[in-house]
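None of the figures in this text is laboratory data; all of them are computed from the coordinates on show. Model, not experiment: these values are computed from the prediction. For neighbour counting, all protein chains shown are included, and Cβ atoms are generated from backbone atoms with ideal geometry for every residue, glycine included.
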Amino acid sequence: MTGPVTGRRVAVVTGAARGIGAATVTRLAEDGWAVVAVDRCADDPDVPYPLARPGQLEALEREFPLVRAVHADVRDAAALRAAVELAETEFGGLDAAVAGAAVLLGGGPVWEHSDAHWRTLLDVDVLGVAHLTRAAVPALLRRPRPRTGRFVALASAAAHRGLWGLGSYCAAKHAVLGLVRSLACDLQGTGVNAVAVSPGSTRTDMLRATADLYGLADTEELAEHQLLQRLLEPEEVASVVAFACSEAAASVTGTVLHADGGFAG
């Protein structure tokens, strides 16, 4: 380490090893950002599908000189504080935080979802966002005025409607929207904005898990719920996240950007 890299925008991204998270890291890095990319990179016994592998996160660090890989679980508030501290120490500050880490659990009616099922969803999908808020917002506010800080949370089309077998996941994603909208109110006048991005059915490992939950052999069958009549690519959603992080998004706060191909209608 040779000292802070200054003169560029800096982001922390969670859920960064694959899917929309990895596409977001790639897009930001290609746009000249320095990025601290955070992912658990290990399976979870309470999640019935494989999670990202360490090599996927490390590949981003190898590809982009200003990406730093951090293996951390968003349920660990101290680990997220350390990731933010790395951004400030190595890159000189923080301009955007992207809460992309999430898991999907479901199956059967919501009253049959177990306590462990609920706890995993709430701890990862909601408290994980809250932990990043607590770690990142003070750093965003440490930037001198006039600020152009951004807090962006990945919600979901499931945050805007009910879905069979995914009641607890829908509830968690609705909570993310409430958190973001309230955060934007708390940040009013500071130069730091808060926004949610709600993807639709996107070609990711989580979508494969969704198809398995519904007993579908082909994820393409999930495209019929979108007006585009096709699955989204992670890069398409990442472009919306990158816009939300940019200085051009100065007027966007306390709201949702729907990158869902018309799913929510």
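The table that follows gives values for the structure above.
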{"quantity": "Positions within segment 95-126 being assigned to a helix (DSSP H, G or I), closer than 27 Å to Ala29 by Cα and in contact with a Lys or Arg (Cβ under 8 Å, 6 or more places away or on another chain), in sequence order", "calculated": "Val124, Asp125"}
{"quantity": "Any hit, segment 220-232, residues being closer than 20 Å to Gly21 by Cα and not hydrophobic (A, V, I, L, M, F, W, C)", "calculated": "no"}
{"quantity": "First in segment 226-250 and touching a residue at least 24 places away in the same chain (Cβ under 8 Å), second anywhere and aromatic (Phe, Trp, Tyr), Cβ under 6 Å, 6 or more apart", "calculated": "Gln226/Phe263; Ala249/Phe243"}
{"quantity": "Qualifying positions in segment 69-91 - among the aliphatic types (A, V, I, L, M) and either over 16 Å from Ala102 (Cα atoms) or part of a helix (DSSP H, G or I) (or both)", "calculated": "Ala69, Val70, Ala77, Ala78, Ala79, Leu80, Ala82, Ala83, Val84, Leu86, Ala87"}
{"quantity": "Condition met for Arg161 (in a loop (DSSP other than H, G, I, E, B), charged (D, E, K, R) and free of Cβ contacts under 8 Å to residues at least 60 places away in the same chain)", "calculated": "no"}
{"quantity": "Filter pass, Thr219 being in contact with a helix residue (DSSP H, G or I) (Cβ under 9 Å, 6 or more places away or on another chain), among the hydroxyl-bearing types (Ser, Thr, Tyr) and surrounded by fewer than 22 Cβ atoms within 10 Å (Cβ to Cβ)", "calculated": "yes"}
